[in-house]
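Colleague: Can you read through this structure? Questions will come right after.
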Amino acid sequence: MENISHDRLLIIDFGSQVTQLIARRLRELNVYCEIHPYQNVTDQFLTDFAPRAVILSGGPASVLDAGSPRPPAGVFDLGVPILGVCYGQQVMMHMLGGTVEQGHGTAEFGRAYVTPSDTKTDLLSGWFNDGQEQVWMSHGDHVSAIAPGFSVYGTSPNAPFAIIADTTRNFFAVQFHPEVHHTPNGAKLYENFTRLAGFTGDWTMGAYREEAIRKIREQVGDQQVICGLSGGVDSSVAAVLIHEAIGDQLTCVFVDHGLLRQNEAEEVVEMFRDHYNMPLIHADERELFLGELDGQSDPETKRKIIGRLFIDVFDKHAKTVGGAKFLAQGTLYPDVIESVSFSGGPSVTIKSHHNVGGLPEKMGMKLVEPLRELFKDEVRALGRELGLPTSFIGRHPFPGPGLAIRCPGEITREKLDILRKADAVFIDQIRKHGLYDEIWQAFVAILPVRTVGVMGDSRTYDFACALRAVTSVDGMTADYYPFSHEFLGETATRIINEVKGINRVTYDITSKPPGTIEWD
Ligand code: XMP
């Protein structure tokens with residue numbers, strides 16, 4: 001959070017499932033914000049963070065319970081606008097002298113309609129044009145008396161205090177969730193709140209790029225940086241940004257573990273070395289990885305071998321970059337958000353990224369993570385801002401262990417070669433039919449089974465494969481893509497005709513959960 005010169009909005013998180021959506025809505029308004037769990041927000045934190053406005057999120061607790069979450073009382077003395085949402089409203093009322101009561105038939109979940117009162121506030125400009133607004137409620141407790149200084153600005157049948165405000169202090173509170181899709185005009189409310197707090201919406205990708213470059217220069221000075229390049233969007237954008245900041249002080253290491261897709265190594269090396277003129281180590285370690293994977297079929301063992309070798313190989317090549325003190329990673333905001341755990345302290349969820357997790361400690365390096373504040377689609381926008389080719393920015397995610405987890409059972413060079421060819425045909429089909437951007441991820445898995453077939457007059461005994469294509473927002477849940485029968489038939493025919501070694505094609509129609517996206 002240091003060194004951000006933009007006006008900042010602080011979201012104090014009380015554990016709502018949708019707190020991240022508040023951040024999304026604000027980012028869409030070009031307002032810079034950060035989510036911090038309430039446990040971490042002390043008076044000192046508030047002083048250091050110096051927010052221009054604060055939002056108190058929703059959450060599952062009841063303010064009536066002993067020990068339930070609170071913001072520090074000092075938040076109300078900052079002199080900045082505050083918006084309480086759902087639990088945030090209740091905690092605000094509880095602390096400022098109002099009353100909150102338990103459900104008893106007034107619990108409300110789902111769609112509701114709010115109508116305005118006679119008094120007006122800028123928070124609601126552009127609201128109630130049609131007399132009422134649809135909102136999404138999700139609360140057990142409710143406010144039964146508002147705190148001194150507050151007035152009512154909107155009511156719903158079950159929430160007489162659906163929208164309240166103390167316009168002298170610029171304190172606002174709503175019982176519903178304006179951040180969710182089912183409050184169709186909710187973004188307008190956030191826009192009004194941030195405008196009246198003085199945000200001008202100047203947090204653009206261009207501004208972010210300049211600021212990130214300045215911060216990278218400040219952090220790194222004249223030291224060397226290495227970056228593990230996977231060919232994915234995140235590490236690519238991070239590399240291009242850092243290269244723009246410090247030029248040849250950056251060296252990228254691209255490890256070819258023999259588990260890449262067709263032409264992938266060539267494409268990555270060509271783009272970064274030839275197009276961007278970046279110092280790039282192309283570590284051809286195919287023999288090492290495939291040698292150690294030989295005969296292994298247990299998924300966890302395979303992943304462990306790949307993870308261990310990756311760290312060793314990266315370490316080996318990094319040593320050749322004389323005395324690099326910094327390691328760059330494409331860590332994103334959703335990976336670093338601290339989510340609130342009600343059984344203990346804040347639980348920090350950080351994915352081991354780009355196969356270099358564990359490396360910084362081992363190598364005694366500091367991290368450079370210029371994408372830490374961005375969501376995935378913002379990384380794509382930054383990539384566009386930096387001039388990365390659209391085809392590269394829109395690429396489907398590709399897992400670190402690569403084709404190994406698309407080759408259940410034993411991994412052999414023969415199977416990998418077949419898999420690469422089948423995968424290329426499938427992706428070509430998807431692109432030809434204009435479906436690539438509608439799909440989160442698509443690939444072929446080669447199955448550890450040979451089946452009987454007939455081609456021409458001969459019997460065949462070749463591998464079966466499965467096509468996998470899913471839609472998803474974040475990879476956490478997924479649904480299979482509903483290809484037409486014609487598409488599936490045409491693709492199966494092409495794969496069997498064009499790829500020697502496959503004589504049967506199936507389509508995986510499992511959603512996640514209960515399945516996972518990858519096969520292994
Ligand atoms: P699953 O198979 O768990 O995948 O449903 C969810 C998303 O994560 C990717 N994935 C990985 N990415 N290293 C990675 O970098 C891994 O070990 C790994 N396993 C799964 C997967 O491709 C999908 O996008």
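Colleague: Return one whole number: the accessible area per residue of the chain in Å², for a 1.4 Å probe.
Modeller: Values: 22040 Å² over 520 residues.
On a per-residue basis, 42 Å².
Colleague: Compute the long axis of helix 485-498 from its Cα atoms, compare it with the longest principal axis of the Cα atoms of the chain, and write down the angle in degrees, 0 to 90, nearest 10.
Modeller: For helix 485-498, the angle is close to 30 degrees.
Colleague: Taking loop as defined by DSSP and a crowding limit of 14 other beta carbons within 10 Å, which trypsin sites (Lys or Arg not before Pro) in the stretch 111-194 fit?
Modeller: Working: sites: Arg111, Lys120, Arg169, Lys188; in loops: Lys120, Arg169.
In loop regions of the stretch 111-194 (DSSP not H, G, I, E or B), the sparsely surrounded trypsin sites (Lys or Arg not before Pro) are Lys120.
Colleague: Any idea what diffusion coefficient the stretch 357-396 gets from Stokes-Einstein, in µm²/s, Kirkwood Rh on alpha carbon pairs, 20 °C, 1.002 mPa s?
Modeller: The diffusion coefficient I find is 179 µm²/s.
Colleague: In the chain, what percent of the accessible surface is made up of carbon and sulfur (1.4 Å probe, ligands and nucleic acids excluded)? Intermediate results must be reported in sequence, preceding the final value.
Modeller: Numbers: 10870 of 22040 Å².
Carbon with sulfur: 49 percent of the solvent-accessible area.
Colleague: Dipole of the chain, Cα-centred, from +1 at each Lys and Arg C-beta and -1 at each Asp and Glu C-beta, to the nearest 20 debye?
Modeller: It works out to roughly 400 debye.
Colleague: In addition: Given the pairs Lys319/Lys415; Lys215/Lys366; Lys215/Lys376; Lys302/Lys421, which are separated by over 25 angstrom at their Cα positions? List each step's numbers first, then the result.
Modeller: Numbers: Lys319/Lys415 34 Å; Lys215/Lys366 14 Å; Lys215/Lys376 20 Å; Lys302/Lys421 22 Å.
Result: Lys319/Lys415 exceed 25 Å.
Colleague: Further, regarding this structure: Find out how many positive minus negative residues lie around Gly186, taking Lys and Arg as positive, Asp and Glu as negative, among other residues whose Cβ is under 14 Å from that of Gly186.
Modeller: Taking every Cβ under 14 Å from that of Gly186, the sum is 0.
Colleague: Sticking with this structure for a sec: Between the stretch 83-126 and the stretch 366-425, what is the C-alpha centre distance in whole Å?
Modeller: For the stretch 83-126 versus the stretch 366-425, the Cα centre distance is 44 Å.
Colleague: Separate question: Counting only residues 5 or more places away or on other chains, whose amide H sits under 5 Å from the amide H of Ile146 once H atoms are built in the peptide plane?
Modeller: Amide H neighbours of Ile146, under 5 Å, 5+ apart: Thr99.
Colleague: Students sometimes get this wrong: rank Glu486, Glu34, Glu498 by accessible area, probe 1.4 Å, all chains present, largest first. Please report the intermediate quantities before stating the final value.
Modeller: Numbers: Glu486 130, Glu34 15, Glu498 100 Å².
Per-residue accessible area, sorted high to low, gives Glu486, Glu498, Glu34.
Colleague: Something else: Past the 14 angstrom mark, what percentage of all C-alpha to C-alpha distances in the stretch 111-185 do you count? Intermediate values should be presented prior to the final figure.
Modeller: On the way: 1581 of 2775 pairs.
Of the Cα pairs, 57 percent sit more than 14 Å apart.
Colleague: Taking a cut-off of 21 Å, what percent of all Cα-Cα pairs in the stretch 1-102 are separated by more than that?
Modeller: The proportion of pairs with Cα distances above 21 Å equals 30 percent.
Colleague: Sticking with this structure for a sec: Round to the nearest 0.05 the FRET efficiency obtained for Ser484 and Arg273 when R0 = 60 Å and r is the Cβ-Cβ distance.
Modeller: 0.90
Colleague: Taking the Cβ of Glu498 as the center, what net charge do the other residues with Cβ under 11 Å away carry, scoring Lys and Arg +1 and Asp and Glu -1?
Modeller: Once all neighbours under 11 Å are counted, the net charge is +2.
Colleague: Looking at the chain, I'd like the Rg to Rh ratio, where Rg is from alpha-carbon atoms and Rh is Kirkwood's inverse mean 1/r.
Modeller: 1.03
Colleague: Another question, if that's okay. Can you give the Kirkwood hydrodynamic radius for the stretch 382-520, in Å, rounded to one decimal and based on Cα pairs?
Modeller: Details: mean 1/r = 0.0631 Å⁻¹.
Evaluated over the stretch 382-520, this radius sits at 15.9 Å.
Colleague: For Met93, what charge total do you get from the other residues with a beta carbon under 14 Å from its beta carbon, if Lys and Arg give +1 and Asp and Glu give -1? Please list the in-between numbers first.
Modeller: Numbers: positive: Arg70, Arg169; negative: Glu101, Asp141, Asp166.
Result for the neighbourhood of Met93: -1.
Colleague: Convex hull over the alpha-carbon atoms of the stretch 199-277: what's its volume per residue in Å³?
Modeller: Convex hull volume per residue, Cα atoms: 104 Å³.
Colleague: Return the distance in nm (one decimal) between the two label points of a simple spin-label model at Glu292 and Arg431, each offset 7 Å from Cα along Cα→Cβ.
Modeller: Using points 7 Å along Cα→Cβ, the separation is 3.2 nm.
Colleague: Continuing with the same structure: Can you find, among Phe199, His282, Val220, the residue farthest towards the positive end of the dipole of the stretch 187-288? Put +1 on the C-beta of Lys and Arg, -1 on that of Asp and Glu.
Modeller: It is Phe199.
The values are calculated or read from the model by the stated rules, or taken from the named source; none is laboratory data. Just so we're clear, the structure is a prediction, and the values are computed from it rather than from any experiment. Neighbour counts are summed over all protein chains in view; Cβ atoms, including those assigned to glycine, are modelled from backbone coordinates with ideal geometry. Accessible surface is based on the protein model in full, side chains and every heavy atom, while ligands, DNA and RNA are left aside. Shrake-Rupley method; radii C 1.70, N 1.55, O 1.52, S 1.80 Å.
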